[in-house]
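Before any comments, here is the structure.
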Amino acid sequence: MPLENPQEMEGVLEIDIDRVANSRLPKTELKDIPFGRVFTDHMFIADCKKGEWENLRIIPFGHVPISPASPALHYGQTIFEGMKAYWGQNGDTLVFRPHDNWNRLNISAQRMALAKVPSEIFMKGLAALLNIDRAWIPTGPASSLYIRPFLFSADEYIGIRPSQNFTFMIITSPAGAYYAAPLRVKIETHYTRAVAGGTGFAKAAGNYGGAIYPSKLAQDQGYHQLLWTDAKKHAYIEESGTMNVMFVFEDTLVTPPLSDSILAGITRDSVLALARHWRWKVEERKISVKELISGIMKGTVKEAFGVGTAATIARIQCIGWEGKDYLLQNAEEKGLAGKIYDELEGIKRGILPDPFNWVVSM
Ligand code: COI
């Protein structure tokens, strides 16, 4: 089935809707809501059986039946995305760059041998879910409705082979800031997140699952997150656990170039596009750990920050390396990171002009 063709999708696109009898919203506090713990009333599900997408439905948020023999459980054959929705100025629902997330989902799907999700199913499922649960979008300054699309193998087979059945779902979660204060990150010099030829560029569950133990070791030492380095020599900065990373060296915004082992972050792309639009000096190039540490010591590294959907723009105040902490002097100041944060937040909420047509009203 040529899945990208809307005419051929017409019959498939009927979405069955089963609404909750009583919304949990009146009993939910949307102010200062922590990230990732509260979920809206409904969720979207679509099944793919032997290449055909079917049974599109919105049902009450709840447990999902999955075969105990699913390759998603045994082999981590599952991928996800992260997006955010906001109230627009006219009371409409605004979503930031959903087509880019759809596109990346399918890049990840290819790498993990999962079925691609047609854009019509992704977009219509998203719009229908937001339409039903939009009252859950929080209004606080750093808050939004976090959207988590995910796709996994729904086969019942514990041999290794490409799966034939898949489930695509979207759940949504009202959330405040992922990181509340400037971060302490540790440069990882033993464990590895991703290798050339591996799955690091994909939003594959295993990239994150495998990072939890090394991150916990860093958290036990008082850091919030790791700064991952290349697998071969641990000599070059790659990305952080929940976000890409950027540095301001003197007057230049610098970030590691995309590769097999770095996620092509949509916030990363948005920040680079904005910086270039403003005619800042921008470099996508390798950054050695030595260059970074000596730059912090000399004062030529003016800012360090993470960029991601959940993290937004997260300032870094301290970088740990080989047992020593290196402090960024101006981490409390607004700087370029603050300017980018304000602009992106303004665009996402429909307060500032959107020269890139990133925002979709749903
Ligand atoms: C996101 O920023 O949307 C992510 O997926 C990060 C997540 C691991 C919390």
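Looking for whichever is surrounded by 22 or more Cβ atoms within 10 Å (Cβ to Cβ), of a type in the set (A, V, I, L, M) and over 23 Å from residue 165 (Cβ atoms) here; the options are 85, 46, 115, 72. Which one fits? Going through 85, 46, 115, 72 in turn, just one is surrounded by 22 or more Cβ atoms within 10 Å (Cβ to Cβ), of a type in the set (A, V, I, L, M) and over 23 Å from residue 165 (Cβ atoms): 85. The residues on offer are 313, 266, and the sole one that is modelled with pLDDT of 95 or more, touching a Phe, Trp or Tyr at 6+ places or on another chain (Cβ under 7 Å) and within 24 Å of residue 345 (Cβ to Cβ) is 313.
When the range 309-362 is examined, which residues are found to be in a helix (DSSP H, G or I) and either surrounded by fewer than 17 Cβ atoms within 10 Å (Cβ to Cβ) or among the small types (Gly, Ala, Ser) (or both)? If the condition is that a residue be in a helix (DSSP H, G or I) and either surrounded by fewer than 17 Cβ atoms within 10 Å (Cβ to Cβ) or among the small types (Gly, Ala, Ser) (or both), then 335, 337, 338, 339, 342, 346 are the ones that fit. State yes or no: is residue 126 touching a Phe, Trp or Tyr at 6+ places or on another chain (Cβ under 6 Å), within 16 Å of the ligand (Cβ to nearest atom) and under 26 Å from residue 85 (Cα atoms)? When the stated conditions are applied, residue 126 does not pass them.
State whether one or more residues within the range 40-60 are under 30 Å from residue 258 (Cβ atoms) and part of a loop (DSSP other than H, G, I, E, B). Checking the range 40-60: not a single residue is under 30 Å from residue 258 (Cβ atoms) and part of a loop (DSSP other than H, G, I, E, B).
Filtering the range 25-64 to residues that are more than 26 Å from the chain's Cα centre (by Cα) and at pLDDT 95 or above leaves 26, 27, 49, 52, 54, 55. For the structure I just gave you, tell me whether residue 193 is assigned to a loop (DSSP other than H, G, I, E, B), among the charged types (D, E, K, R) and not assigned by TED's automatic domain parsing to the domain that holds residue 118. Yes; evaluated as a whole, the condition is true for this residue. Got at least one residue in the range 68-81 being within 16 Å of the ligand (Cβ to nearest atom) and in a loop (DSSP other than H, G, I, E, B)? Yes - at least one qualifying residue is present in the range 68-81. Residue 222 falls short of the stated requirement of being in contact (Cβ under 8 Å) with a residue 60 or more places away in the chain, in the same structural domain as residue 321 (by TED's automatic domain parsing) and surrounded by fewer than 15 Cβ atoms within 10 Å (Cβ to Cβ). With respect to the conditions (1) farther than 27 Å from residue 349 by Cβ; (2) away from the ligand (no atom under 16 Å from the Cβ), residue 119 falls short on a single one, namely (1).
The strands (runs of 3 or more DSSP E) falling completely within the range 237-308 that include 2 or more residues that are crowded, with 18+ Cβ neighbours inside 10 Å and within 16 Å of the ligand (Cβ to nearest atom) map to 237-240, 244-249, 301-308.
Residues in the range 176-214 that are within 15 Å of the ligand (Cβ to nearest atom) and at pLDDT below 95: 176, 177, 178, 179, 180.
Of the residues in the range 276-283, not one is at pLDDT 95 or above, under 22 Å from the mean Cα position of the chain (by Cα) and within 19 Å of residue 97 (Cβ to Cβ). For the range 125-133, does any single residue satisfy the condition of being in contact with a strand residue (DSSP E or B) (Cβ under 6 Å, 6 or more places away or on another chain), of a type in the set (S, T, N, Q) and assigned by TED's automatic domain parsing to the domain that holds residue 30? Looking for residues that are in contact with a strand residue (DSSP E or B) (Cβ under 6 Å, 6 or more places away or on another chain), of a type in the set (S, T, N, Q) and assigned by TED's automatic domain parsing to the domain that holds residue 30, one finds none in the range 125-133, hence no. Taking the range 309-325 as the search range and keeping residues that are within 15 Å of residue 248 (Cβ to Cβ) and not small (Gly, Ala, Ser), which one is nearest to the ligand (Cβ to nearest atom)? The selected residue is 313. Evaluate the range 90-110: report whether one residue or more is assigned to a loop (DSSP other than H, G, I, E, B), at positive phi and within 16 Å of the ligand (Cβ to nearest atom). Yes; the residues of the range 90-110 include at least one that is assigned to a loop (DSSP other than H, G, I, E, B), at positive phi and within 16 Å of the ligand (Cβ to nearest atom).
The values are calculated or read from the model by the stated rules, or taken from the named source; none is laboratory data. Nothing here was measured: the structure is a model prediction, and the numbers come from that model. Note: ideal-geometry Cβ built from the backbone for every residue, glycine included; neighbour counts use all protein chains shown.
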